[in-house]
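To start, the structure itself, in structure tokens.
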Amino acid sequence: MKRIVVTGGSGKIGAWILKELLDAGHEVLNVDLKPAADPRCRTLIADLTEAGQAFGAIGVYTGIDELQSSLRAEPVDVLVHFAAIPRVQLVPDAEVFRINTTSTYNVMEAAVRAGIHKVVFASSEATYGVVFADEQLDPEYFPVDEEHPTVPMDAYGLSKVVNERTAAAFHARVGGDFYGLRIGDVMAPPDYAKFPLWSTDPAIRKREMWAYVDVRDVAQMVRLCVDTDGLGFQVFNTFAGESAHVLPTRELAGKFYSKVPVREEIAEHGSLVSNRKAQRLLGFEQRYRWAEQPQG
Ligand SMILES: NC(=O)c1ccc[n+]([C@@H]2O[C@H](COP(=O)([O-])OP(=O)(O)OC[C@H]3O[C@@H](n4cnc5c(N)ncnc54)[C@H](O)[C@@H]3O)[C@@H](O)[C@H]2O)c1
């Protein structure tokens, strides 16, 4: 059992992370602007863009029965940081940048000062710049791996690149493990209702390069990161191994990204974004396939 503080546990992905970590027997505290749905988990309401609130929220007692024992904080083993504005066009761009970078700096500094040297945080496929590009941006090569340049044009992608640098800076200061998940387009069970159209019209998810990841596989990645020690600063593509389209991947790439070189063999329906590093270093395996989900 580990004591884990999760930020953003009341959100789309966070709810599944809480479930995965609680089911695995960990003690979990959620820190968010609003309560989590899971009654097994206590939520501490805090705005993490405020340094004082972030410092007060990280390193507190994580259990749900804190008043029955002692108010003294027990040491926290892991910070899982998912609180953020999850895309552009929800709030003005400058707010996306301010909220995402400030909250990440605050929680990482608070964690390090509280002696927590293991941090798993949400980065994004947006670091590669393709998904929220002005007009169109071709990736430099397929399959896109973690070595691909990260020079996005948009405020959200930029905030995630800055957050990765923030994590690298704290890792340079204290060592430990800082794992950033470059998460693809996340599908929760209700999202599969759109798949009869999304998986057949190639124009709709071109910016996502037809890649995706099931929210339960993102939760699995977080648990694997919690369980795996000693890798230092790392970023991991967090994607399904397959594309979410009925057409063969080579055909899609050849038609819509004709100038992009394909550097490695890709399976007939393999993903254009590689998850091999996560497979190799964390033992990640895609468990949920879009074609097997109820799409009613
Ligand atoms: N949904 C996706 O497809 C996707 C893809 C790649 C990366 N991500 C990243 O994963 C993470 C979670 O995304 P999501 O889709 O679950 O988003 P979400 O909006 O459903 O959840 C985000 C949570 O963060 C909380 N939050 C926001 N600002 C906060 C603040 N200042 N202080 C405290 N809590 C705050 C919100 O209340 C919310 O519960 C984000 O970092 C996002 O950028 C999401």
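The values are calculated or read from the model by the stated rules, or taken from the named source; none is laboratory data. All of these numbers come straight from a predicted model, not from anything done at the bench. Don't worry about glycine lacking a Cβ; one is built from the backbone with ideal geometry, like all the others, and counts go over all protein chains shown. With ligands, DNA and RNA removed, areas are computed over all heavy atoms of the protein, side chains included. Shrake-Rupley method; radii C 1.70, N 1.55, O 1.52, S 1.80 Å.
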Exercise. What are the ³J(HN,Hα) values, in whole Hz, obtained from phi via the Karplus relation 6.51 cos²θ - 1.76 cosθ + 1.60 with θ = phi - 60°, for each residue of the range 76-88 in sequence order, with x given for Gly and Pro?
Worked result: 8, 8, 9, 9, 10, 10, 10, 5, 4, 8, x, 5, 7
For this session: Find the centroid of the Cα atoms in the range 69-134 and in the range 1-60, then give the distance between the two in whole Å.
Result: 12 Å
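Summing -39500 (n - 2.57) over the DSSP H runs of n ≥ 4 in the chain and dividing by its residue number, what mean residue ellipticity at 222 nm do you reach, to the nearest 500 deg cm²/dmol?
Values: 8 runs with 92 residues, N = 296.
Computed mean residue ellipticity for the chain: -9500 deg cm²/dmol.
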Seminar exercise, completed: Amide H proximity to His81 below 5 Å, modelled H, separation 5+ or other chain, gives Thr7, Val120, Phe121, Ala122
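Please give the per residue accessible area of the range 147-290, computed with a probe of 1.4 Å over protein heavy atoms only, in Å².
Working: 5980 Å² over 144 residues.
Per-residue value: 42 Å².
Can you tell me, using C-alpha contacts under 8 Å and at least 6 residues apart, the relative contact order of the chain as a whole percent? Walk me through the numbers before you get to the answer.
Numbers: 597 pairs, mean separation 49.9, N = 296.
Here the relative contact order equals 17 percent.
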Problem set entry | Loop-located GluC sites (Glu not before Pro) in the range 233-294 whose Cβ has at most 13 other Cβ within 10 Å (DSSP) | Glu264, Glu265, Glu268, Glu285
Seminar exercise, completed: In whole Hz, the Karplus estimates of ³J(HN,Hα) for the range 258-264 (6.51, -1.76, 1.60; θ = phi - 60°; x where Gly or Pro) are 5, 8, 8, x, 9, 8, 9
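Ratio of alpha-carbon Rg to the 2.2 N^0.38 Å globular estimate for the chain, to two decimals, please.
Values: Rg = 18.9 Å, N = 296, 2.2 N^0.38 = 19.1 Å.
Dividing the Cα Rg of the chain by 2.2 N^0.38 Å gives 0.99.
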Problem set entry | Principal-axis tilt of helix 155-174 within the chain, Cα atoms, nearest 10 degrees | 50 degrees
Exercise. Which aspartates and glutamates does Lys2 reach when only Cα atoms under 12 Å apart count, and residues fewer than 8 places away in its own chain are ignored?
Worked result: Glu27, Glu74, Asp77, Asp227
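Pairs of Cα atoms under 8 Å, at least six residues apart: use those to get the relative contact order of the range 138-290, whole percent. Write down the numbers at each step before the final one.
Details: 212 pairs, mean separation 52.6, N = 153.
34 percent.
Could you work out what % of the accessible surface of the chain is carbon and sulfur, using a 1.4 angstrom probe and leaving DNA, RNA and ligands out of the count?
Looking at the chain in its full context, I get 52 percent from C and S.
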Exercise. How many lysine pairs in the range 127-263, separated by 8 or more positions in sequence or lying on different chains, have Cα atoms less than 22 Å apart?
Worked result: 4
Problem set entry | Amide proton proximity set for Phe233, modelled H, under 5 Å, gap of 5+ | Phe178
Exercise. Once the convex hull of the C-alpha atoms of the range 140-296 is built, how many Å³ does it hold per residue, rounded to a whole number?
Worked result: 118 Å³
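Please report the antiparallel percentage of DSSP beta bridges with both residues in the range 165-296, rounded to the nearest 5. Can you show the working numbers first?
Values: 1 of 9 bridges.
Of all bridge pairs located within the range 165-296, approximately 10 percent are antiparallel.
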Exercise. Which ³J(HN,Hα) values, rounded to whole Hz and listed in residue order, are derived for the range 143-153 from phi using the Karplus coefficients 6.51, -1.76 and 1.60 in 6.51 cos²θ - 1.76 cosθ + 1.60 with θ = phi - 60°, glycine and proline given as x?
Worked result: x, 5, 10, 6, 7, 5, x, 10, 10, x, 9
